[in-house]
1. Calculate how steeply helix 238-247 sits against the longest principal axis of the alpha-carbon atoms of the chain, using the helix alpha-carbon long axis, and give the answer as 0 to 90 degrees to the nearest 10.
2. Which residues does the label zone of Ala72 cover in segment 124-167, counting backbone N under 12 Å from a point 7 Å along Cα→Cβ?
3. If each residue's Cβ is checked for other Cβ atoms within 10 Å, how do Glu75, Glu58 rank with the fewest at the top?
4. Could you work out how much longer the chain between Thr55 and Arg152 gets when fully extended? Use 0.36 nm per residue separation minus the Cα distance between them, nm to one decimal.
5. Can you check what the Kirkwood hydrodynamic radius comes to for segment 228-307, Cα pairs only, in Å to one decimal?
6. If each DSSP helix of 4+ residues adds -39,500 (n - 2.57) and the sum is divided by the residues in the chain, what number results at 222 nm, nearest 500 deg cm²/dmol?
7. Round to the nearest 10 and give me the degree value, 0 to 90, for the angle of helix 61-71's Cα axis relative to the longest principal axis of the chain.
8. Under a Cβ-Cβ cut-off of 9 Å, what is the net charge of the residues other than Cys21 that fall near it, where Lys and Arg count +1 and Asp and Glu count -1?
Amino acid sequence: MSEISVLSPASVANVVCGFDCLGFALSAPCDEMTVRIIEKKTVRIVNRDDFNLPTKPEKNVAGAALLSMLRATDENFGFEVEITKHIKPGSGIGSSAASAAGAVVAANELLDERFSKLELVKFAMDGEQVASGARHADNVAPCVFGGFTLVRSINPIDVIRLDFQPMFVTVVHPQIEVKTSEARKILPKQVSLTDAVRQWSNVGALVSGLQKGDYELISRSLEDFIVEPVRKNLIPKFDEIKNESLRAGALGGGISGSGPSVFMLSETSVTAQKVKNAMRGIYSKTAIDFNIYVTEINAEGVKILDS
Ligand code: ADP
């Protein structure tokens, strides 16, 4: 086998109370990627879309992740990666993570699954560092493991794949720019003990709700007392989007990653469609362009396609 194609999914990080630790993969949109072995021990990037992403491997998250993986082998060959992105960079639904995770999962298949999923997460984190300047795993972990993941620690890396019940996701992406650096700058440096206790109680309850399939508990636990109050100001109509989505029957939701996308979870696809209509009703009355996706939590993560 000398080439492998994959579909690498978008993902939601910072799941409400689970800032910097909880994430899940989406069934759509996905990037298409093909990784093939080349003779020289190097990485070549071929972009097949109009996003003008870097072709220097050190500057492209897929390239940086593959370089990190190659450094961990004593092979003399390298990889070429062809990328057709459908996840818009900077949308807050893990565009960079999809490239990093897709590349290493495909390359690992070419290496007869030499590396564990956890090792793949580490390589993909080296890729993510190129995009955000920080090694974080909350998007790449669900891409690699599938489903819902909790990153307990990044050093040493410790990822827990959570059991979860099927849920539908409505994601709205208002076409405005929220700089990750800006969204980081406004975060509180300190939090009160009262807020910290409410937050970690909610994380524990959310994990329990997911595992038991207790949708009411999931809904009650989707509260964020620390990050949402400051970051929501970066997203136009955030409160209206959230209130109308809840009124339409959503379990809850919040800012995806560092925005500008906003996601809502629903128990049924019918409710997820109603949430979509509610979101569309709000942004249609503004001058803001937007996309809305209705999709599901993706249990599989990066999907290897039959050759
Ligand atoms: P998202 O949450 O959508 O991943 P980020 O802001 O974290 O958004 O990442 C996008 C940034 O990463 C952009 O500045 C983009 O130029 C850079 N980047 C480098 N390589 C890639 C890639 N293969 N896919 C997506 N973004 C990339």
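1. Between the helix axis and the principal axis of the chain, the angle is about 70 degrees.
2. 124-127, 157
3. Values: Glu75 13, Glu58 10.
If I rank by nearby Cβ atoms, fewest first, I get Glu58, Glu75.
4. Working: separation 97, 0.36 × 97 = 34.92 nm, distance 3.30 nm.
Gain on extension, Thr55 to Arg152, equals 31.6 nm.
5. Working: mean 1/r = 0.0731 Å⁻¹.
Roughly 13.7 Å, rounded to one decimal.
6. Values: 10 runs with 112 residues, N = 307.
Estimated from H runs of four or more residues: -11000 deg cm²/dmol.
7. 50
8. Details: positive: Arg152; negative: Asp20, Asp138.
Net charge around Cys21: -1.
Throughout, read-outs are computed from the coordinates displayed, never taken from laboratory work. Since this is a predicted model, take the numbers as computed values, not measurements. Note: ideal-geometry Cβ built from the backbone for every residue, glycine included; neighbour counts use all protein chains shown.
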